[in-house]
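Engineer: I'd like to ask some things about the structure below.
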Amino acid sequence: MPSRFEILDKDAGGRIGKLKTPHGVVETPTVMPVINPNIQLISPKEMRNFGAEILITNSYIIYRKEELRAKALEKGLHGLLDFDGPLMTDSGSFQLSVYGSVEVTNEEILNFEKEIGSDIIVPLDIPTPPDVSSKRAKEELEITETRLKEARKLIQGKQLLAGPVQGSTYPELREKAAVYARELDFEVYPLGAVVPLMEAYRYAELVDVIAACKKGLSPKAPVHLFGAGHPMMFALAVALGCDLFDSAAYALYAKAGRYITVQGTLHLDKLNYLPCACPICSKYTAEELRTAPNRQELLASHNLYVTFAEIRLIKQRIKEGNLLELVEQRCRAHPKLLDGLKRLYEHSEWLEEFDPATKSTFFYCGPESAKRPEILRFEKKLERFKLKGKSLIRTRAVKGEKEYENVLGFKPPFGAYPLEMEEVYPFNAEVPKVPDSEALERALKNTLKLIELNPDADYTFICEEDFKHPFLEKLAEKAKIVPRKAWNQ
Ligand code: GUN
Ligand code: ZN
């Protein structure tokens, strides 16, 4: 079967893709609003007005309730929900993780999902929570794997089949589970049991889990982050290569009077103003929204507007090639997200494999930027530069530089680079005039490496007044360091 997923654009680990389903093509990254078959604050049809292209619902809830089950079997899932676009169905695994058991087998729920015409079918995987013993994680993974195999045998046709990846908080197990799923060849790969990590703001571990799963999957495969619905972490997850999210948050938060923003969640009861440009927040004052008879529906609408606006922004950033700048901004909204950002860049070596060679101007947004994949790539290329004779390293043009055989630019966090590349990505980077210690350290380290690779040249380094770092002493052993002021005299 030809692949149902086509990648159109890329930035860092993120991509814009097209996923073909029997009920239409979905552009990713996107969020699937969760539809509760029992209660609907906003109807499936109306979801399109917010930007939803695909919805997700729970086949187990439908299966369990006689009235819903009969209607779904008679009219199909699309008839039941009165929606003619793509629909994904979960299997009851989430209920399994909450209540400990479900009254259905893998085969039964798969056949039911198939029969009611789901576009993306999910088997009954076991969502093993974080921090369990490795014995339990392995045992449960074995059951999940047996069920995935059973599912693949059962579902082979137009409908897409998802192969969830479990493995708790063990990266090796996650990677192994991903390799197993990859070999069975699913159309979508959900990463499971990450909800407890997100609820506890354990973003660094979430990054490790996503990276481990991604390493075992094909880079061409679409990945769904199960239960991720808060827009503040979409950019981070997309940069790691997640393509699909699902959100019950818009409705659950609305019920609890919580107002979603890309910087975190606010309580409507505490808001004096509505800091948002969506139609709801433009029409109502905070007080009017609080006291509106349909407050829950209005709040859910705002939550959806904000959620899809973030998706559009992320897609635009991927097109422009500045997704990482957005990730860095978003991850400053909460210290735990900042932990996530730091962990993301611990995977820079891996990210660098996917990151396009040229993109829009690199913006240095803070000390974490010093660990971006682009810096690693430059570091690897240092060996290509051959230097001999008198070499001058300076941040900007100085008098008398014509007397030097080589003139090198110096820009933290990159370090010394050939001047011909000044206008070329990533050396055309926008950086602060005064580098932070991380940027300067990285730059000095790279410069030292370049000098060590070319020991026959003779080096002069023009040092800006703002440059203060212990590595300057190391540099002084290999280069003549002249303060800019002294040079100008
Ligand atoms: N919803 C949230 N997490 C999970 C998971 O791990 N598996 C399934 N099937 N659904 C989920
Ligand atoms: Zn709003």
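Engineer: Tilt of helix 171-184 relative to the longest C-alpha principal axis of the chain, in degrees (0 to 90, nearest 10)?
Structural biologist: 60 degrees
Engineer: Carbon and sulfur: what percent of segment 181-277's accessible surface (1.4 Å probe)?
Structural biologist: 51 percent
Engineer: Translational D (Stokes-Einstein, µm²/s) of the chain at 10 °C and 1.306 mPa s when Rh comes from the Kirkwood sum over C-alpha pairs?
Structural biologist: In µm²/s, the coefficient is 64.
Engineer: While we're on this one: Can you tell me, using C-alpha contacts under 8 Å and at least 6 residues apart, the relative contact order of segment 386-489 as a whole percent? Present the calculation step by step, with values, prior to reporting the outcome.
Structural biologist: On the way: 160 pairs, mean separation 30.5, N = 104.
Value for segment 386-489: 29 percent.
Engineer: Using the Cα centre as the reference, give the magnitude of the dipole from point charges on the C-beta atoms of segment 320-466 (Lys, Arg: +1; Asp, Glu: -1; all else neutral), rounded to the nearest 20 debye.
Structural biologist: Roughly 40 debye, rounded to the nearest 20.
Engineer: Which shape class, rounded, prolate or oblate, goes with segment 1-40 when its Cα gyration tensor gives a ≥ b ≥ c as root eigenvalues, a/c under 1.5 marks rounded, and past that a/b bigger than b/c marks prolate?
Structural biologist: It comes out oblate by the Cα gyration axes.
Engineer: I've got another one for you. What pairs from 388/411; 45/315; 75/214; 20/153 go past 28 Å between their alpha carbons?
Structural biologist: 75/214, as the Cα separations exceed 28 Å there.
Engineer: Moving to a separate point now. Share of segment 59-129's accessible area from carbon and sulfur, percent, 1.4 Å? Write down the numbers at each step before the final one.
Structural biologist: Numbers: 1360 of 2950 Å².
Roughly 46 percent, rounded to a whole number.
Engineer: May I ask what percent, to the nearest 5, of DSSP beta bridges between residues of the chain are antiparallel?
Structural biologist: On the way: 19 of 53 bridges.
Counting DSSP beta bridges with both partners in the chain, the antiparallel share is about 35 percent.
Engineer: Charges only on Cβ, +1 for Lys and Arg, -1 for Asp and Glu: so what's the dipole of the chain about the Cα centre, in debye to the nearest 20?
Structural biologist: Details: 68 positive and 71 negative charges, 180 e Å.
Rounded to the nearest 20 debye, it is 860 debye.
Engineer: Per residue, how much accessible area does segment 366-423 show when a 1.4 Å probe rolls over the protein heavy atoms, in square angstrom?
Structural biologist: Roughly 49 Å² per residue, with all protein chains present.
Engineer: Then there is this: Where does segment 1-112 land on Rg/Rh, using Cα atoms and the Kirkwood Rh? Don't skip to the end; give the middle numbers.
Structural biologist: Working: Rg = 15.7 Å, Rh = 15.6 Å.
Result: Rg/Rh = 1.01.
Engineer: Hey, another quick one. My understanding is that a pair violates if its Cα-Cα distance is over 21 Å; which of 402/480; 449/485; 65/114 do that in this structure?
Structural biologist: Flagged as over cut-off: 449/485.
Engineer: Find the cysteines in the chain that fail to meet the 4.7 Å Cβ criterion with every other cysteine, and list them.
Structural biologist: 213, 242, 278, 331, 365, 463
Engineer: Another question about this same structure. Let me check against my output: what whole-number percent is the relative contact order of segment 66-122, with C-alpha pairs under 8 Å and at least 6 apart?
Structural biologist: 45 percent
Engineer: By per-residue mean of other Cβ atoms within 10 Å, what is the highest-first order of 347-360, 171-184, 203-216, 134-147?
Structural biologist: So the order, starting with the most tightly packed, is 203-216, 171-184, 134-147, 347-360.
Engineer: Turning to a different aspect of this structure: When the helix-only estimate is applied to the chain (DSSP H runs of n ≥ 4, each -39,500 (n - 2.57), divided by the residue count), what is the mean residue ellipticity at 222 nm, nearest 500 deg cm²/dmol? Mind dumping the intermediate values first?
Structural biologist: Details: 20 runs with 204 residues, N = 489.
Computed ellipticity for the chain at 222 nm equals -12500 deg cm²/dmol.
Engineer: By the gyration tensor of its Cα atoms, with a ≥ b ≥ c the square roots of the eigenvalues, what is the shape of segment 385-489: rounded for a/c under 1.5, prolate for a/b over b/c, or oblate?
Structural biologist: Judged from the Cα gyration tensor, segment 385-489 comes out rounded (a/c under 1.5).
Engineer: With unit charges on the beta carbon (Lys/Arg positive, Asp/Glu negative), name the residue among 72, 148, 385 whose Cα is farthest towards the positive pole of the charge dipole of the chain.
Structural biologist: Toward the positive end, the furthest listed residue is 385.
Engineer: State the Kirkwood hydrodynamic radius of segment 249-362 in Å, one decimal place, computed from all pairs of distinct Cα atoms.
Structural biologist: Every distinct Cα pair counted, the radius reaches 16.0 Å.
Engineer: Ranked highest first by the average count of other Cβ atoms within 10 Å around their residues, in what order do 390-403, 34-47, 243-256 fall?
Structural biologist: Output ranking for 390-403, 34-47, 243-256: 243-256, 34-47, 390-403.
Engineer: Contact order normalised by length for segment 297-400, with contacts defined as Cα pairs under 8 Å and 6 or more residues apart; what percent is it?
Structural biologist: 24 percent
Engineer: Continuing with the same structure: In square angstrom, what is the accessible area per residue of segment 222-308 with a 1.4 angstrom probe?
Structural biologist: Working: 3250 Å² over 87 residues.
On a per-residue basis, 37 Å².
Engineer: Residue farthest toward the positive end of the dipole of the chain, with Cβ of Lys/Arg at +1 and Asp/Glu at -1: which of 61, 31, 323?
Structural biologist: 323
Engineer: Once you sort the root eigenvalues of the Cα gyration tensor of segment 91-188 as a ≥ b ≥ c, which label holds: rounded (a/c under 1.5), prolate (a/b larger than b/c) or oblate (the other case)?
Structural biologist: Oblate, because a/c is 1.5 or more while a/b does not exceed b/c.
Engineer: Under 14 Å Cα to Cα from residue 158, which aspartates and glutamates show up? Leave out anything in the same chain fewer than 8 places away.
Structural biologist: The qualifying aspartates and glutamates are 113, 115, 119, 187.
Engineer: Can you flag which of 18/255; 215/386; 319/381; 399/474 are past 30 Å Cα-Cα?
Structural biologist: Over 30 Å apart, Cα to Cα: 18/255; 215/386.
The values are calculated or read from the model by the stated rules, or taken from the named source; none is laboratory data. None of these values were measured; they are calculated from a predicted model. Using ideal geometry, Cβ is built from the backbone for each residue, glycine included, and neighbour counts are taken over all protein chains shown. Quick note on the areas: whole protein, heavy atoms, side chains included, nothing else; ligands and nucleic acids left out. Shrake-Rupley method; radii C 1.70, N 1.55, O 1.52, S 1.80 Å.
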